[in-house]
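Here the structure is laid out as structure tokens; the discussion comes afterwards.
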Amino acid sequence: MIKPTTVLPSLLIATILSILLSLGFWQLERADEKRGIENAIILAQKHPAELVETIQDLHNKEYYQVLLKGHYDVDKQFIYDNQIVKNNAGYYVLTPFVINKNNAILINRGFVPWHGRRDKLADIRLNTNETTIKVRLIKPKQRIKLRQQNVEKHFPILIQSLDMTQLSKLSGYDLVPMLAQLDIDAQQGFYRKWKPFYGSVDKHLGYALQWFLMALTLFIIAIYLFVKNKHANT
């Protein structure tokens, strides 16, 4: 007969084991997701940059390097604040690149440190003649907003997150739901050293191993306590 005093500890151990195993398998799933992303990036990087002329084609080119033909709109730029690069606080300069009359894509022209002068922006002016630029396309990652952001209406506009719907309204363009990272060798940009991947597969595998080892340790402890309790009752 199972004593009531052993039921609650057993249920607690079983619950914790279930949680630890779930966390371990979740990390394995995350590793598979990152592995899929890395494979997609490697595949995309094998293709040479080609000119993309239609908006619809841009939607299918995540991770690809492409050529875009159009012109910059210097009067509708965004300052993407709260960025850290090489331990320096600063911002990215996002400039609309007009592809046709109604459509544009935001070009991340690179990082600029504040250097303690948040009251003074770098010179972000640039040539607005028609040109062809080389970029890499990624899907923008929107930050978790703790509170509603109050956005100024005059450009350049300081922003804290990439809400493409809001940025489209502010800019007056139908923005492509992609962010274009300007090629590191291109002119009219700032500091650029783009990360090739979104995350590390090994990191998630390491986390999964930790959760599974904790589950194994708890299981061994549970077996030990069970055997000890059984011998005590004989």
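Table: residues versus (1) under 23 Å from G206 (Cα atoms); (2) without any contact (Cβ under 8 Å) to a residue 12 or more places away in the chain; (3) in a helix (DSSP H, G or I); (4) not basic (K, R).
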{"site": "G24", "(1), (2), (3), (4)": "yes, no, yes, yes"}
{"site": "G36", "(1), (2), (3), (4)": "yes, yes, yes, yes"}
{"site": "A44", "(1), (2), (3), (4)": "no, no, yes, yes"}
{"site": "N60", "(1), (2), (3), (4)": "no, yes, no, yes"}
{"site": "H71", "(1), (2), (3), (4)": "no, no, no, yes"}
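Taking the range 75-113 as the range and being in contact (Cβ under 8 Å) with a residue 60 or more places away in the chain, exposed (fewer than 15 other Cβ atoms within 10 Å of the Cβ) and more than 16 Å from I124 (Cβ to Cβ) as the test, the residues that pass are N82, N102. Scanning the range 52-79 for residues that are more than 22 Å from I37 (Cβ to Cβ), under 19 Å from the mean Cα position of the chain (by Cα) and not aliphatic (A, V, I, L, M) returns a single hit, F78. For Y198, the test of being surrounded by fewer than 17 Cβ atoms within 10 Å (Cβ to Cβ), at pLDDT below 95, among the hydroxyl-bearing types (S, T, Y) and touching a helix residue (DSSP H, G or I) at 6+ places or on another chain (Cβ under 6 Å) is passed.
With respect to the stated conditions, I79 fails to be closer than 30 Å to D202 by Cβ and of a type in the set (V, I, T).
Among the residues of the range 176-197, some residue qualifies, meaning at least one is closer than 21 Å to V74 by Cβ, among the aromatic types (F, W, Y) and either touching a Cys at 6+ places or on another chain (Cβ under 9 Å) or not in a loop (DSSP other than H, G, I, E, B) (or both). Would it be correct to say that K134 is exposed (fewer than 12 other Cβ atoms within 10 Å of the Cβ) and either assigned by TED's automatic domain parsing to the domain that holds K153 or of a type in the set (D, E, K, R) (or both)? No: the conditions fail for K134. Flag: L17 matches the condition of being in contact (Cβ under 8 Å) with a residue 24 or more places away in the chain and farther than 30 Å from T132 by Cβ.
Scanning the range 73-107 for residues that are of a type in the set (S, T, N, Q), in a loop (DSSP other than H, G, I, E, B) and modelled with pLDDT of 95 or more turns up just one, Q77. The one condition from (1) touching a Lys or Arg at 6+ places or on another chain (Cβ under 9 Å); (2) assigned by TED's automatic domain parsing to the domain that holds D119; (3) not β-branched (V, I, T) that K169 does not meet is (1).
The values are calculated or read from the model by the stated rules, or taken from the named source; none is laboratory data. Values in this document were obtained by computation on a predicted structure and should not be read as measured data. Neighbour counts are summed over all protein chains in view; Cβ atoms, including those assigned to glycine, are modelled from backbone coordinates with ideal geometry.
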